[in-house]
1. Kindly list the residues of the stretch 111-141 that lie in the label zone of Cys71, defined by a backbone N under 17 Å from the point 7 Å along the Cα-to-C-beta vector.
2. At a Förster radius of 45 Å, what calculated FRET efficiency corresponds to the Cβ-Cβ distance of Glu173 and Phe148, to the nearest 0.05?
3. What is the distance, in nm, between label points placed 7 Å from the Cα along the Cα-to-Cβ direction at Asp121 and at Ala479?
4. Return the calculated 222 nm mean residue ellipticity for the chain, to the nearest 500 deg cm²/dmol, obtained by summing -39500 (n - 2.57) across DSSP H runs with n ≥ 4 and dividing by the residue count.
5. How much length is gained on full extension from Glu223 to Ala502, taking 0.36 nm per residue of separation minus their Cα-Cα distance?
6. Membrane-span-like helices in the chain: DSSP H runs reaching 15 Å or more (Cα, own axis), mean Kyte hydropathy at least 0.0?
7. Highest first, please rank the peptides 397-405, 84-92 by the mean number of other Cβ atoms sitting within 10 Å of their residues.
8. What FRET efficiency do you get for Ala430 and Ser209 if R0 is 56 Å and r is their Cβ-Cβ distance, rounded to the nearest 0.05?
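What follows is calculated from the coordinates using simple rules that are stated; it is not laboratory data. Bear in mind the structure is a predicted one, so any value in this text is a computation, not a measurement. Backbone-built Cβ (ideal geometry, glycine too); neighbour counts: all protein chains shown.
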Amino acid sequence: MMNDFLWWRDGVIYQIYPRSFADSNGDGLGDLPGVTSRLDYLSDLGVDAIWLSPFYPTPDKDFGYDISEYCDVDPRFGTLADFDRLVTGAHRRGIRVVLDMVMNHTSDQHPWFLESRSSRDNPKRDWFIWRDRPNNWQASFGGKAWTFDPVTGQYFLHLFTPAQPDVNWRNPEVRKAQLDAFRFWLERGVDGFRLDVFNAYFKDDRFRSNPPKFGLRGFDRQEHIHDIDQPEMMPLLDELRALLDSYPERYAVGETYLGAPEKAVSYCGPDKLHAAFSFDFTMPASEAAAALRIHPFNPDWVLQKILEREAAFDAAGVWPTTVMSNHDVMRAASRTCRGADDRMAKLAMALLLTLRGTPFLYYGEEIGMRDLALKRSEIMDPPGKKYWPIYPGRDGCRSPMQWDASPNAGFSSAQPWLKVNPDYPRRNVAAQRADPDSLFNFTKKLIALRKGTPALRGGNFVPLTGCPRGVLAYLRRAAEQTVLVALNFSGRAARLPVPAAAWTPLLSTGALPAEVRTEVRLAPHEVLLLINS
């Protein structure tokens, strides 16, 4: 049992997409001073850390994930002084700061790449991956992973867009330069890092082609055994972990590219990453379901995912993470809810905040923000442009934060870079703060409950058997207390047998039962938490 509160293990981490969170200067783009202006909101919500998606200088070919300078702030987002004020303000409120580090690739406008492509004998030529003849590797965002450069007559590698060339981590100078970037931000007080597609840093040193498999897109029609997950990643993680451990309570979580629980676990440990995402609840059931944006959300599917990840993480002694939404996937409320009804969103939030593992809460998830519907002409996301209408891209989950019912949802005094969801006059922070039954207030209560309840932070996961159809129930069991979580996914009332114990009601989206002996009655779509101490 965990007695000492450790922020990255026991706390809640809130992801902010800076360009869509708060605009301080009226240019329609969110910025770092805007984030600073909302720190009191985040403190009131109860989060323990914020993860900032990229704010570095960028040509915006992939909206920040194409970086042209690792150790600076894009002027549109502010300055290094603004960043320092943000860190100081966050720390004053007990909020840690996690940065997104995109180290697999740079922008094609990064000075390193401009030098590399200038001539074959440039000192930085080997900082990127050049070949006379390409193999069969495909880019995740569509097309081949190799682009011919007429200046020097060779192909360069890019696992994403041609504007994002992959760096050559096998070059010791690249390795040092990238680790120096981590050190730069650590020295400015950053508490941790989220590593973008970290397991793609190294590629097969012989550049062997990937074997084929069945899939809908070119990228999906390959077994990715030579372009990701190479053994050279492990010594690098050891070196990175040593760097992090040289500062107090620093943290790294990896975005496991094409991740499953077993793969995520393999990259975690005392000499590796603290944690890695396995995206258990955001992944559709199949590639066809992914293309159609179909995500199952029912007790059987959810329990299967929980048991798979529990088996993998528990056996390895690795602490899991829980994610329902992020900047790359359809928002949880859009996947689970019908219309404006937030009852299923409360179920998803309850899962996020009561399962074993660190919860990552995506901005706007606490008010049930829905994906934004866009016309084809409005799509800006590279894969959305490539695969529309089969896949509309990721713009929908990146719309501006809905703060209030004023013009532009209180996000900006100017026209936002991406339009605001039309439902903002009804769905916004101000309206939900005033409604005691809102998703916002449910989330706030649940975060506080999690923080004050050791069983919810660190207890074992024990599924309850014999649940009625449409109900998922489980125990979070610690030495001194047990919490029972009951989730009714059904639109029908249900009776749930519970283990005989002195249960005390903790939280419910329905009416709290006066007493619980061996059974509870659940209202349609109810979330109920009981405790036995």
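1. Taking a point 7 Å out along Cα→Cβ of Cys71, the residues of the stretch 111-141 whose backbone N falls under 17 Å are 111-113.
2. That gives a FRET efficiency of 0.95.
3. 6.9 nm
4. Taken over the chain, the calculation gives -7500 deg cm²/dmol.
5. Full-extension gain reported as 95.2 nm.
6. Both cut-offs are met by 233-245, 343-354, 439-452.
7. Highest-to-lowest ranking by the protection proxy: 397-405, 84-92.
8. 0.50
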